[in-house]
Structures are given as structure tokens and as C-alpha cells.
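Take a look at the structure set out below.
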Amino acid sequence: MNLEYRVAHVAERLAEGPCGELGVRVEIRGDTVLLTGTVPSAGCREDIRRTAHEGLAGVPVLCDIVVAETTPPGHPEELT
């Protein structure tokens, strides 16, 4: 199966999946596929990695997805 087709299918599955992630890019870099973007949780990042590895079996996949820090600060900001 054509790699471009498989990558497009993975991107579609990510958009429709449990995370509904549209901000993750799936790009072909030579013989490797690169995942980039920012997600709200480590669980979401793991779901994306699993989906990519399933859809791109046999193709090396690199994951450069960052988890956004969403916890509130531990102390109030002091304004002067």
C-alpha cells in the first residue's frame, strides 16, 4: 500500500479518534513518519502513538508530540 495513502488514513483516524486531535501533524520524512504537535494529556499522546504504529506497521514512526501543561499554578501571581 502507498505510504502517502497510509499517512492520510492515520491522520483521518486521529481526527476522528477519542482525542479528536486536529493539531497533530503526520509527515513523511524519507523512509520515516514524524508525528508533531501539542496534546492535552499523556494519555492522548499514547493513543496517538498507538494509532500511528497500528496504521503504519513496518514503517519507522518518530513521535515529537508535546503534552501541554494544563495544571493551575501553585501560587498566585503577584503584580507590582
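Restricting attention to the stretch 35-59, the residues that are farther than 20 Å from Gly23 by Cα and exposed (fewer than 12 other Cβ atoms within 10 Å of the Cβ) add up to 2. Checked against the criterion of being in contact (Cβ under 8 Å) with a residue 12 or more places away in the chain, among the small types (Gly, Ala, Ser) and in a loop (DSSP other than H, G, I, E, B), the candidates Gly58, Gly74, Gly37, Gly23 yield just one match: Gly23.
Scanning the stretch 40-55 for residues that are small (Gly, Ala, Ser), in contact (Cβ under 8 Å) with a residue 24 or more places away in the chain and outside any loop (DSSP other than H, G, I, E, B) turns up Ala42, Ala52, Gly55. Of all the listed residues (Thr32, Thr80), the sole one being of a type in the set (S, T, N, Q) and exposed (fewer than 12 other Cβ atoms within 10 Å of the Cβ) is Thr80. For the stretch 14-41, a tally of residues being among the charged types (D, E, K, R) and farther than 19 Å from Glu54 by Cβ returns 1.
Each value in this text was obtained by applying a stated rule to the coordinates, not by laboratory testing. In this text, all values refer to a predicted model and were calculated from it rather than measured experimentally. Here Cβ is always computed from backbone atoms with ideal geometry, including for glycine, and neighbour counts include all displayed protein chains.
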